[in-house]
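Remarks on the structure that follows.
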Amino acid sequence: MRIIFVRHAEPDYANDTLTEKGWREAALLAERVSGWDVMDFYVSPLGRARDTASLSLKKMGRTAETFDWLREFHGPVNDPTRGENVIPWDFYPEYWTKIPEMYDKDGFGNTEVMKSGRVMEEYVRISGELDALLAKYGYVREGGLYRTGKTEGAAHDATIVLFCHMGVTLFLCSHLLGISPVVLTSGFFLAPASVTVLASEERCPGTAYFRCQTAGDTSHLRAGGELVSEMGYFTEPFQG
């Protein structure tokens with residue numbers, strides 16, 4: 001099975017749509033997506049994700065199911081270095097790297113900054129929603145793995161595409177891979193209109209684990225002569 005996360009193209013946050021550049025990115029993305037054999041499409045309810053998806057769906061003559069839990073991760077916290085009511089990522093490295101629990105996939109939620117908001121409640125909620133979706137394809141969560149032999153007639157080789165956002169993608173990848181979301185959100189950049197692919201490996205019959213094959217890939221933008229946007233990054237993106 002393949003789970004393909006697509007971050008929305010360059011956003012116009014004020015109007016919850018795309019910039020002019022973002023629409024060009026979405027068009028190049030659609031050329032790439034149209035070549036995939038996709039069983040199902042899912043999309044965040046936010047405008048910037050829906051607009052990004054719209055060009056791919058139109059080109060393929062397809063529709064997408066909207067899931068509220070695919071909207072950008074919302075669990076504001078009180079960060080002593082950035083202030084109150086801020087997103088629970090993009091912590092300053094000088095702050096979070098000095099807290100050992102931040103590296104722990106379970107312990108990060110017990111830190112004071114995370115407990116100042118509903119981070120763990122939201123993390124558990126969206127992880128459960130993802131697991132419920134995967135169960136429809138025959139992947140049933142047990143501990144840190146997925147069992148594949150419990151659902152008769154399931155589409156174990158399905159490819160699904162989720163048009164959503166950088167934060168929620170990395171929190172969901174944290175759940176799939178068993179890595180602290182603080183490490184992922186602080187250490188990975190998923191450019192606008194980028195593609196992240198996780199595929200299941202059933203090395204032991206009936207037991208599957210997801211491996212990341214590519215994260216934040218923008219080869220379709222480079223092929224189309226479109227520079228990678230720096231939205232969500234704090235230095236100049238590599239354009240090679």
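The values are calculated or read from the model by the stated rules, or taken from the named source; none is laboratory data. Please read these numbers as outputs of a predicted model, since none were measured by experiment. As a convention, Cβ positions derive from the backbone with ideal geometry for all residues, glycine included, and neighbour counts pool all protein chains shown. We work out accessible area using only protein heavy atoms, side chains counted, and drop any ligands, DNA or RNA first. Shrake-Rupley method; radii C 1.70, N 1.55, O 1.52, S 1.80 Å.
Rounded to the nearest 20 debye, what is the charge dipole size of the chain about its Cα centre when +1 sits on each Lys and Arg Cβ and -1 on each Asp and Glu Cβ?
The calculation lands at about 500 debye.
Specify whether the C-alpha gyration tensor of the stretch 85-145 places it in the rounded, prolate or oblate class, a ≥ b ≥ c being the square roots of the eigenvalues: rounded for a/c under 1.5, otherwise prolate if a/b is larger than b/c and oblate if not.
Verdict is prolate for the stretch 85-145.
In Å², what does the accessible area per residue of the chain work out to with a 1.4 Å probe?
Accessible area per residue: 47 Å².
Which net charge results when you count Lys and Arg as +1 and Asp and Glu as -1 among the other residues whose beta-carbon is under 14 Å from that of P11?
Here the charged neighbours net out to -2.
Does the chain classify as rounded, prolate or oblate by the C-alpha gyration tensor (a ≥ b ≥ c root eigenvalues; a/c under 1.5 gives rounded; else a/b over b/c gives prolate, otherwise oblate)?
Oblate is the answer for the chain, as a/c is 1.5 or above yet b/c matches or exceeds a/b.
Rounded if a/c is under 1.5, else prolate if a/b beats b/c, else oblate: with a ≥ b ≥ c from the C-alpha gyration tensor eigenvalues square-rooted, which is the stretch 1-108?
Cα axes put the stretch 1-108 in the prolate bin.
If I compute solvent accessible area with a 1.4 Å probe over the protein chains, what percent of it on the chain is carbon and sulfur?
51 percent
Considering only DSSP states other than H, G, I, E and B, which trypsin sites (Lys or Arg not before Pro) in the stretch 137-203 qualify as loop sites with at most 13 other Cβ atoms within 10 Å?
Loop-located and lightly packed - K150.
May I ask you to list the lysines whose Cα is less than 25 Å away from that of K136, ignoring any residue fewer than eight positions away on the same chain?
The qualifying lysines are K150.
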